[in-house]
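Colleague: Have a look at the structure that comes next, please.
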Amino acid sequence: MLSFVKLQSCSLFLALFLFFSGFTNNAMAFCIYNRNDHRTHSGPVKGDIMVIQTSGNKFNRGYHATIKRESRGCVHWSETSVNTSGKRDATLTFDVYYLFTNSKVLVCKDVPLKAGGWMEVMNEPGWQWNDPRICRTFF
């Protein structure tokens, strides 16, 4: 009976440890989520976005990534090439582009994002290219 109680308490401890370690890992990085499902009149967009950091970085070596639809890109907020101040609440800015087969279209310019926060990029039918609902940030 005593070994069963020990096993239960170890299982509970392990479950709590895994839960909180996963929870804190998300808080340690800024993430950009591509929730794009935009369609054009000429057919479906690939759904991929390109994100380019425009301020807060070192020597233009900031965050630059292509993020596939329903995926995300993350960087630890203390990464000094991306966040030169090293502060979790530092404001970084990003440009976001929709990617087409042979071109890209700027949809959000200089979007402010806290280094410890996240951004969602999504579009709905009927929204204009520069609609402020496309790129939303949270901290």
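Colleague: Using +1 at the C-beta of Lys and Arg and -1 at the C-beta of Asp and Glu, which of H64, S103, T137 has the Cα lying farthest in the positive direction of the dipole of segment 29-138?
Modeller: Positive-most Cα among the choices belongs to H64.
Colleague: Okay, next question. Could you please rank D48, D89, placing first whichever residue has the fewest other Cβ atoms within 10 Å of its Cβ?
Modeller: Going from sparsest to densest Cβ surroundings: D89, D48.
Colleague: Might you report the magnitude of the Cβ-based charge dipole of segment 29-138 about its Cα centre, with Lys and Arg at +1 and Asp and Glu at -1, to the nearest 20 debye?
Modeller: Rounded to the nearest 20 debye, it is 160 debye.
Colleague: Quick check on segment 29-138: what does the Kirkwood estimate of hydrodynamic radius come out to from the alpha carbon pairs, in Å?
Modeller: Radius from the Kirkwood sum: 14.0 Å.
Colleague: Taking the Cβ of R72 as the center, what net charge do the other residues with Cβ under 12 Å away carry, scoring Lys and Arg +1 and Asp and Glu -1?
Modeller: Net local charge, R72 excluded: +1.
Colleague: Only Lys, Arg, Asp and Glu count, each charged at its Cβ (+1, +1, -1, -1), so figure out the dipole size of segment 80-139 about its Cα centre, rounded to 20 debye.
Modeller: 180 debye
Colleague: Separation between the I52 and W127 pseudo-spin-labels, each 7 Å from Cα along Cα→Cβ, expressed in nm?
Modeller: Result: 2.2 nm between the two label points.
Since every read-out is calculated from the coordinates, none of them should be taken as a lab result. Predicted model only: the values in this text are computed from it and were never measured. Positions of Cβ are backbone-derived with ideal geometry, glycine not excepted, and every protein chain shown enters the neighbour counts.
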